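Take a look at the structure set out below.
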Amino acid sequence: ADGDAPFAAPPGFANADFADGLAHWATTGATATADGVALSTGGDLRQAASIGDPDRLLRLTVQVSGGDVVARVGTSAGGGDIPGDQTIADGEARAFAFTPGVTNFHVQIAHASGAPVVAYAGFRDAPYEIASPYAGGTIARLKMAQSGERLWIVENGFRPRVLQRRADGGFTLT
């Protein structure tokens, strides 16, 4: 039903970049800001999702700064039984792939530590992209070295970063 795209986005899952504030999200201890959504201690964002093909590969992407969050995808609200809890650390843009195995599921992004601001929480069906500080003209000047599933990236004017594969379809840039 989703063609040959490697990843699917559940229809109806909305406002991943919080452009409409907190519309489409159920929240506790969450405040819309110019940079995304700030979560207080115990705060979270929740949204139900559904997909026609429960065996379709999905990729959830979460970008956070100022603190850590836990992303949960489950068969019930607040459950983390589909890929298991995924911690996204301060400064990370992390994506992880999973197959839900059910047609209806729930996504929760919950405060873990610090004062996290979630800039993005949603599904992407385009080729894999990750937020980075590098502009298009900078990319040709990047120096890289790889060891296993880690790629070290350096460039004058930027702090060194590590692109790391976490799982099939899941990467972090820290």
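Take the conditions open to solvent by less than 60 Å² (accessible area, probe 1.4 Å) and at pLDDT 90 or above and apply them to residue 71. Does it pass?
yes
For the stretch 74-89, which positions are under 12 Å from the mean Cα position of the chain (by Cα) and either in a loop (DSSP other than H, G, I, E, B) or buried (at least 22 other Cβ atoms within 10 Å of the Cβ) (or both)?
88, 89
Answer yes or no as to whether residue 155 is over 17 Å from the mean Cα position of the chain (by Cα) and either modelled with pLDDT of 85 or more or surrounded by 13 or more Cβ atoms within 10 Å (Cβ to Cβ) (or both).
Against the criterion (over 17 Å from the mean Cα position of the chain (by Cα) and either modelled with pLDDT of 85 or more or surrounded by 13 or more Cβ atoms within 10 Å (Cβ to Cβ) (or both)), residue 155 qualifies.
Quick check on my filter: what residues within the stretch 19-70 are in a strand (DSSP E or B) and among the β-branched types (Val, Ile, Thr)?
27, 28, 31, 33, 37, 41, 61, 62, 64, 69, 70, listed by residue number.
With respect to residue 106, determine if the residue is in a strand (DSSP E or B), modelled with pLDDT of 90 or more and open to solvent by 40 Å² or more (accessible area, probe 1.4 Å).
Criteria met by residue 106.
How many residues are modelled with pLDDT of 90 or more and more than 30 Å from residue 107 (Cβ to Cβ) when one looks only at the stretch 158-174?
Total meeting the criteria: 1.
Would it be correct to say that residue 126 is within 27 Å of residue 43 (Cα to Cα), open to solvent by less than 60 Å² (accessible area, probe 1.4 Å) and either modelled with pLDDT of 80 or more or outside any strand (DSSP E or B) (or both)?
When the stated conditions are applied, residue 126 does not pass them.
Does the stretch 26-67 hold any residues that are of a type in the set (Gly, Ala, Ser), over 18 Å from residue 93 (Cα atoms), out of contact with any His (no Cβ under 8 Å at 6 or more places or on another chain) and crowded, with 19+ Cβ neighbours inside 10 Å, and which are they?
30 - this is the single residue of the stretch 26-67 that is of a type in the set (Gly, Ala, Ser), over 18 Å from residue 93 (Cα atoms), out of contact with any His (no Cβ under 8 Å at 6 or more places or on another chain) and crowded, with 19+ Cβ neighbours inside 10 Å.
The values are calculated or read from the model by the stated rules, or taken from the named source; none is laboratory data. Computed from a predicted structure; not experimentally measured. Note: ideal-geometry Cβ built from the backbone for every residue, glycine included; neighbour counts use all protein chains shown. With ligands, DNA and RNA removed, areas are computed over all heavy atoms of the protein, side chains included. Shrake-Rupley method; radii C 1.70, N 1.55, O 1.52, S 1.80 Å.
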